[in-house]
Amino acid sequence: MLRDLVTANRSCRGFDRSRKIKREELLEMVDLARVTASAINKQPLKYFISNKDIITDKITDLVSFGGLLKDLNLPYKGEEPPAYIVICHDKSIVEEQPIFMYEAGISAQTIGLKATEMGLAICIMGGIDPKKVKEELFLPDEMEVKLIIAVGKSLEKAEIKEVESGEGVKYYRDNDGVQIVPKRKLEDIIINRE
Ligand SMILES: Cc1cc2nc3c(=O)[nH]c(=O)nc-3n(C[C@H](O)[C@H](O)[C@H](O)COP(=O)(O)O)c2cc1C
């Protein structure tokens with residue numbers, strides 16, 4: 001069921017490094033993102049994928065996990081993502097415009113759903129310095145980094161908690177280390193009531 005997949009697709013910040021991610025698995029995820037919606041069907045997104053420790057460890061140093069859980073210094077040592085997908089905008093296809101940013105989001109969610117279906121997990125990383133990532137990964141000039149997706153087998157447990165209107169929505173870890181992810185209720189996100 002799609003609902004189960006979407007619900008299971010929680011952001012992960014601790015990965016089982018012994019479960020290596022094959023390049024083919026990353027390609028399967030990107031191949032699904034490839035066929036999603038695109039403004040004027042321009043399809044400007046291109047992907048840098050890596051499952052090589054020397055590169056993934058470099059990317060781990062360029063991203064910032066769990067801004068609301070700073071004290072935990074996630075990921076814990078030895079639980080770094082074994083793979084990454086870097087979503088880029090290829091300016092040689094079309095100049096960057098805000099409308100194309102939505103595509104990175106659609107792509108990231110699609111990658112997340114595919115990963116979840118494959119028994120894996122992701123974390124979308126937006127807290128990045130795109131220029132620095134581009135430099136460190138020696139990406140071609142025409143590529144602009146939009147989002148980075150960490151991919152791997154999760155070591156974490158995460159649960160959604162529906163919150164009342166007015167309650168806080170900061171995610172946190174409970175006493176058992178379970179990641180609690182508050183989500184607003186359906187009735188609180190519908191603007192027009194009957
Ligand atoms: C555009 C975007 C950027 C994000 N950037 C980061 C990030 O830099 N670091 C991080 O740990 N999580 C990041 N996240 C994950 C969010 O923190 C996460 O989606 C949120 O806490 C809700 O948890 P959930 O994904 O399990 O529903 C990002 C999510 C989105 C959609």
Across the stretch 67-78, the tally of residues that are within 13 Å of the ligand (Cβ to nearest atom) and either of a type in the set (Ser, Thr, Tyr) or in contact (Cβ under 8 Å) with a residue 60 or more places away in the chain (or both) stands at 6
If we keep just the residues of the stretch 76-96 that are surrounded by 21 or more Cβ atoms within 10 Å (Cβ to Cβ) and not in a loop (DSSP other than H, G, I, E, B), which is farthest from the chain's Cα centre (by Cα)? HIS89
Complete set of residues in the stretch 1-30 that are away from the ligand (no atom under 16 Å from the Cβ) and under 16 Å from the mean Cα position of the chain (by Cα): ILE21, GLU25, LEU26, LEU27, GLU28, MET29, VAL30
Based on this model, can you work out whether GLU117 counts as surrounded by fewer than 21 Cβ atoms within 10 Å (Cβ to Cβ), of a type outside the set (A, V, I, L, M) and either under 17 Å from VAL63 (Cβ atoms) or modelled with pLDDT under 95 (or both)? no
In the set PRO98, PRO182, which member is within 16 Å of the ligand (Cβ to nearest atom), free of Cβ contacts under 8 Å to residues at least 12 places away in the same chain and farther than 19 Å from ILE49 by Cβ? PRO98
Just to be sure, is ILE111 touching a residue at least 40 places away in the same chain (Cβ under 8 Å), assigned to a strand (DSSP E or B) and surrounded by 19 or more Cβ atoms within 10 Å (Cβ to Cβ)? no
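So that you can scan it fast, the table gives a plain yes or no per residue for (1) away from the ligand (no atom under 13 Å from the Cβ); (2) more than 15 Å from the chain's Cα centre (by Cα); (3) more than 19 Å from ASP61 (Cα to Cα); (4) of a type in the set (Phe, Trp, Tyr):
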{"position": "ILE122", "(1), (2), (3), (4)": "no, no, no, no"}
{"position": "MET125", "(1), (2), (3), (4)": "no, no, no, no"}
{"position": "LYS132", "(1), (2), (3), (4)": "yes, yes, no, no"}
{"position": "LEU147", "(1), (2), (3), (4)": "no, no, no, no"}
{"position": "LEU155", "(1), (2), (3), (4)": "yes, yes, yes, no"}
{"position": "GLU159", "(1), (2), (3), (4)": "no, yes, yes, no"}
{"position": "GLU164", "(1), (2), (3), (4)": "yes, yes, yes, no"}
{"position": "TYR171", "(1), (2), (3), (4)": "no, yes, yes, yes"}
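The values are calculated or read from the model by the stated rules, or taken from the named source; none is laboratory data. This is a predicted model, so every value here is computed, not measured. Cβ coordinates were reconstructed from backbone atoms using ideal geometry, including for glycine residues, and neighbour counts include every protein chain displayed.
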